[in-house]
Amino acid sequence: FSKDGFVSAALFEKDISRFIINTTIPYLANDGQTYSLTLPVNGTDRVKVSGLELGGQYAFSMLPAPFDGFGVLGNVTLQKDRGFKGTNLLTGELLPYPGLSRTSYNAGVYYEDARISARLSYNWRSRWLITASGRGGLPEYNDAFGTMDMSVDYNLTKQVTVFVAGVNLTNAAYIQAPEIGRAS
C-alpha cells in the first residue's frame, strides 16, 4: 500500500525430531544413598510446532520534512506444539515443548533519513518451559518477559557510521522457578 509499508501474514509448521532435554533418574551412590541425577539426553518425541505470524510496517512519508522519516512496525506470533510427551513428575501434567512461548510480539517506532537511523522497540514473550526436569526433577518455567531496546546510527560519511545501542533499557529480569502444578 506504500513504498515503505506492508502487512503480512504467515502460517507455519515445523517438525522437530532431534533435541536435547533434561531427564531426572534415581542414582544409587557408593555410600548407599539414592540421589536424583539430572542429565541431558536426546529427545525422541516427534514434535510439531505450528502457528500464525502477523506483521506490518507503516512509514509516515506523507508528513513534511523532517517528520517524513518516522514510522512504526510490529508483529505478533501465536504458536502451539503437539507431540511433546514430557510430563511433570509430581502431577503427571503434560508439559509444553521447552523454549516455546505461546505468544510473542515486537512493536517499534523508528526514524530514518540519509544521515540518521534510530529505532526504539519493545519485545515481549509469554512464559515458557525452560526444562521439563530441573531442580528437584521439577519443570522449570521462565515468567513472561519483555524488554525495551534502542539504537541510533549516524552516518559521518558514506563509509563511516557511528552508532550506540541500548539493550533492556527497562532493566527487566528473567524470573525462573520450578513449578509443581501449572502448565502453560
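Here, each number is a calculation from the coordinates, and none is a lab measurement. Please read all numbers here as calculations on a predicted model, not as lab measurements. Glycine gets a Cβ as well: all are built from the backbone with ideal geometry, and neighbour counts include every protein chain shown.
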- Note on the structure: So, for the Cα atoms of the chain, Rg and Dmax in Å stand at 22.5, 79
- Message: Using the crude model of +1 on Lys and Arg Cβ and -1 on Asp and Glu Cβ, and no other charge, please compute the dipole size for the stretch 3-105 relative to its Cα centre, in debye to 20.
- Response: 260 debye
- Message: Please compute the alpha carbon radius of gyration of the stretch 1-94, then divide it by the globular-protein estimate 2.2 N^0.38 Å. Two decimals is fine.
- Response: 1.96
- Message: What number does the stretch 92-184 give for Rg over Rh if you use C-alpha atoms and the Kirkwood radius?
- Response: 1.21
- If the chain between residue 121 and residue 13 were fully stretched, how many nm would it gain, using 0.36 nm times the residue separation less the Cα-Cα distance? 36.2 nm
- Give the long-range amide H neighbours of residue 144: residues separated by 5 or more places, or on another chain, with amide H under 5 Å away, using H modelled in the peptide plane at 1.01 Å from N. 127
- Message: List the aspartates and glutamates whose Cα sits under 14 Å from the Cα of residue 14, skipping any in the same chain fewer than 8 residues away.
- Response: 45, 53, 81
- Of all chymotrypsin sites (Phe, Trp or Tyr not before Pro) in the stretch 94-130, the ones in DSSP coil with at most 11 other Cβ atoms within 10 Å are none
- residue 95's amide H: which non-local residues (gap 5+, or another chain) put their own amide H closer than 5 Å, with H modeled 1.01 Å from N in plane and none for Pro or chain starts? 86, 87, 88
- Return the tail of the calculated pair distribution for the stretch 79-123, meaning the percent of Cα-Cα pairs more than 12 Å apart. 72 percent
